[in-house]
Amino acid sequence: ELARRLNLEAAKAVKYGDVPPAEALKFVTLNPAYQLRLDDRIGSLEPGKDGDFVIWSGDPLSGYTMCLQTWIDGQRFFDRNEDRMMRERDKERRESLISIILDSQLSGAREPKSEESGEEGSR
């Protein structure tokens with residue numbers, strides 16, 4: 001859960017600690033890579049390094065900024081526009097399925113079942 005909002009944790013350093021924004025971003029990018037001795041492979045966007053990154057709608061240190069895209073291992077992992085379209089598609093499918101279920105329940109309640117229609121009495 002914390003990894004989802006690391007940018008906001010860095011923003012706290014700017015707001016409450018008078019840390020320059022570029023330095024605060026290093027708190028969640030390059031500095032952990034240095035500490036883990038992985039800075040030759042991760043932590044910054046440079047040729048030859050593994051570069052997972054996020055495209056923000058604005059300042060990454062702002063609480064109002066939204067993630068537009070997330071890229072991991074060179075593949076787009078999340079896209080806000082695609083997500084919106086899929087949510088709309090799923091909403092339409094859900095409404096259609098609910099309608100089908102409700103219609104089948106209503107039509108099933110109206111039709112008498114053959115077992116209850118008096119067939120037992122004829123035996």
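Where a number appears in this text, it was derived from the coordinates with a stated rule and is not lab data. Here the structure is a predicted model, which is why all the values come from computation and not from measurement. Note that each Cβ is placed from the backbone with ideal geometry, even for glycine, and that neighbours are counted across all protein chains shown.
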Practice task
Scan region 1-58 for chymotrypsin sites (Phe, Trp or Tyr not before Pro) in coil per DSSP, keeping those whose Cβ has at most 14 other Cβ atoms within 10 Å, and list them by number.
Solution key: none
Problem - Debye intensity ratio I(q)/I(0), log10, region 2-80, q values 0.24, 0.27 Å⁻¹ (C-alpha model) - result: -1.25, -1.33
Practice task
Given the options Ile72, Ile101, Ile55, state which has the largest fluctuation in a GNM of the chain using a 10 Å cut-off (strictly under) for Cα springs.
Solution key: Ile101
Handout entry: Mean Cβ neighbour count within 10 Å, used as a protection proxy, ranking 37-47, 88-98 highest first
Key = 37-47, 88-98
Handout entry: Tyr64-Arg89 FRET efficiency (beta carbon distance; Förster radius 22 Å; 0.05 resolution)
Key = 0.20
Completion exercise
Here FRET efficiency (C-beta to C-beta, Arg76 to Asp50, R₀ 22 Å, nearest 0.05) is 0.90
Practice task
Taking H placed 1.01 Å from N in the peptide plane, check which residues at least 5 places from Val19 or on another chain put their amide H under 5 Å from its amide H.
Solution key: Val14
Exercise for the section: Counting helices only, and only those DSSP H runs with n ≥ 4, report the 222 nm mean residue ellipticity of the chain as the sum of -39,500 (n - 2.57) divided by its residues, in deg cm²/dmol to the nearest 500. Expected result: -14500 deg cm²/dmol
Practice task
Round to the nearest 10 and give me the degree value, 0 to 90, for the angle of helix 6-17's Cα axis relative to the longest principal axis of the chain.
Solution key: 50
Completion exercise
Taking every DSSP bridge whose two residues both lie in region 2-80, the antiparallel percent to the nearest 5 is 100
